[in-house]
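Note sheet for the following structure.
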Amino acid sequence: MGEIRIIGTAHVSQKSVDEVVEAIGEWNPDVVAIELDQGRYNGLKQQQQNPDIEEILQAKNFNQLLIQWVLAYIQRKIGMDVGVEPGAEMKAAIKETEEKGIELALIDRDIRVTLHRFWASMSILEKLKMFYALAGSLVVAEDASEMIDIEELKKEDFVTVAMEEFHKFSPRGAYALISERDAYMSYHLIRLGQTHERVLAVVGAGHRKGIEGFLKEPNSLPPMPDLVETIKTRPWGKIFAAAVMIIFALMILAIIFSGVGTDVLILALMYWVVIHGIPTMACTLLAGGHPLSAITGFLVSPISALHPLIAAGWFSAIVEAKIRKPRPSDVKKIFSAESFAEMRKIPLFKVVLVAALANVGSSIGTFAYFIFIFPILGIDPGVLLSTGFENMAHSITNLFA
């Protein structure tokens with residue numbers, strides 16, 4: 001096994017850039033391994049092909065896209081405020097290897113696999129906490145130069161505390177985003193160490209301790225297939241939608257058989273449309289969506305809430321895409337936007353944001369309906385349901401008597 005040296009960097013630190021250049025120049029490694037996958041490497045080298053917009057929209061992974069884009073923006077915003085381009089130390093490593101004729105190795109896991117496993121592994125509560133944290137991070141990032149000391153982020157004690165807090169905040173998400181990638185990169189470093197005498201690894205400071213642990217205890221590495229396979233999760237969204245459909249149907253049947261009158265039934269159905277439609281429309285407009293997209297959300301939301309295979313946001317996004325006409329070049333614009341306001345003006349970002357927020361609005365409508373419908377109708381739910389189900393049971397009994 002050759003010698004493996006690890007440099008823990010901050011991705012927006014000039015000092016990290018200098019450390020990488022100095023280490024390559026002084027140690028003259030046989031190979032430099034960097035925390036990138038092929039896609040991100042192509043992005044840094046500006047060799048990445050524009051994606052197919054239809055494929056992005058058909059994939060319907062709007063939440064994962066938003067997470068990736070917002071995280072990239074926060075990192076880029078911090079970089080702009082401190083005067084260092086995100087990924088500058090990786091670019092420096094690539095440049096040095098090219099000029100010195102040193103082998104370069106990409107050791108990180110495909111970002112698409114990481115995002116899938118990150119999102120699929122988290123509980124609903126963890127996802128809600130994460131969105132709240134991202135919203136707070138956007139506010140902080142707007143004035144990062146005065147609030148963040150980049151070099152402090154690289155100190156071992158700070159990194160350790162930060163990683164511990166992340167694991168407390170979102171245990172499953174942290175495992176997929178940090179620990180799994182530590183293991184994945186360790187596999188590649190061990191393989192490189194078996195064929196090279198000097199291996200220099202350039203990774204984020206948050207990965208250094210985990211990688212060093214795996215290199216010392218290779219037997220503790222999880223099986224490689226477990227790090228890249230698709231996570232099969234229970235379709236909670238479909239289960240929830242099916243439950244809503246059943247509860248709504250039972251409630252309507254209870255109203256019909258309770259004898260409270262046709263007027264109450266009509267009001268219950270009317271409020272189902274209104275209480276679902278208004279939040280969906282409001283969230284679509286909040287995302288900057290076109291009024292036609294908002295109207296589409298209003299009309300589709302009451303139906304999609306009862307169907308486990310469709311979502312209101314998908315239809316609002318389709319209309320938004322027809323109006324805004326996103327282009328493949330929008331992806332590069334999103335990753336180069338200098339403010340969140342600028343990013344929101346990009347058609348593709350707006351389409352994805354509309355899809356995500358319209359779905360949020362529809363979900364709010366579902367919860368609001370079942371909480372407020374009986375007070376709105378002025379009916380005691382206990383009396384209505386018991387009377388309705390009792391009368392329904394009698395009717396069924398008489399039907400088969």
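The values are calculated or read from the model by the stated rules, or taken from the named source; none is laboratory data. No experiment lies behind these values; they were computed from the predicted model shown. No Cβ is skipped: glycine too gets one built from the backbone with ideal geometry, and neighbour counts run over all protein chains shown. Each accessible area value is taken on the protein alone, full model and side chains, heavy atoms only, with ligands, DNA and RNA left out. Shrake-Rupley method; radii C 1.70, N 1.55, O 1.52, S 1.80 Å.
Tabulated data
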| quantity | calculated |
| --- | --- |
| Count of segment 320-333 residues which are among the hydrophobic types (A, V, I, L, M, F, W, C) and closer than 16 Å to Gly288 by Cα | 2 |
| Which numbered condition Ile379 misses (of (1) under 30 Å from Leu269 (Cβ atoms); (2) part of a helix (DSSP H, G or I); (3) over 23 Å from the mean Cα position of the chain (by Cα)) | (2) |
| Selection status of Ala135, modelled with pLDDT of 80 or more and of a type outside the set (S, T, N, Q) | no |
| Any hit, segment 329-346, residues being closer than 21 Å to Leu128 by Cα, buried (at least 20 other Cβ atoms within 10 Å of the Cβ) and modelled with pLDDT of 90 or more | no |
| Some residue of segment 112-122 being closer than 24 Å to Ala355 by Cα, in contact with an Asp or Glu (Cβ under 8 Å, 6 or more places away or on another chain), modelled with pLDDT of 75 or more and of a type in the set (S, T, N, Q) | yes |
| Scan of segment 179-221 for residues that are assigned to a loop (DSSP other than H, G, I, E, B) and in contact with an Asp or Glu (Cβ under 8 Å, 6 or more places away or on another chain), ordered by number | His196, Glu197 |
| Subset of segment 187-196 (residues that are surrounded by 16 or more Cβ atoms within 10 Å (Cβ to Cβ) and either of a type outside the set (Ser, Thr, Tyr) or modelled with pLDDT under 95 (or both)) | His188, Leu189, Ile190, Leu192, Gly193, His196 |
| Residue identified as buried (at least 16 other Cβ atoms within 10 Å of the Cβ), among the hydrophobic types (A, V, I, L, M, F, W, C) and within 25 Å of Asn63 (Cα to Cα) among Leu215, Leu227 | Leu227 |
| Residues (open to solvent by less than 50 Å² (accessible area, probe 1.4 Å) and within 30 Å of Phe374 (Cα to Cα)) located in segment 230-248 | Ala241, Ala242, Ala243, Val244, Phe248 |
| The one condition in (1) in contact (Cβ under 8 Å) with a residue 40 or more places away in the chain; (2) under 26 Å from the mean Cα position of the chain (by Cα); (3) open to solvent by 40 Å² or more (accessible area, probe 1.4 Å) that Tyr271 fails to fulfil | (2) |
| Of residues in segment 356-386 being polar (S, T, N, Q) and open to solvent by 50 Å² or more (accessible area, probe 1.4 Å), the one nearest to Ile67 (Cα to Cα) | Ser363 |
| Among the residues listed as Leu309, Leu292, the single one being open to solvent by 70 Å² or more (accessible area, probe 1.4 Å) and in a helix (DSSP H, G or I) | Leu292 |
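Rundown of residues vs (1) out of contact with any His (no Cβ under 8 Å at 6 or more places or on another chain); (2) β-branched (Val, Ile, Thr); (3) farther than 30 Å from Ala341 by Cα; (4) modelled with pLDDT of 90 or more, yes/no style:
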{"position": "Met185", "(1), (2), (3), (4)": "no, no, yes, yes"}
{"position": "Arg198", "(1), (2), (3), (4)": "yes, no, yes, yes"}
{"position": "Pro218", "(1), (2), (3), (4)": "yes, no, yes, yes"}
{"position": "Met224", "(1), (2), (3), (4)": "yes, no, yes, yes"}
{"position": "Ala242", "(1), (2), (3), (4)": "yes, no, yes, no"}
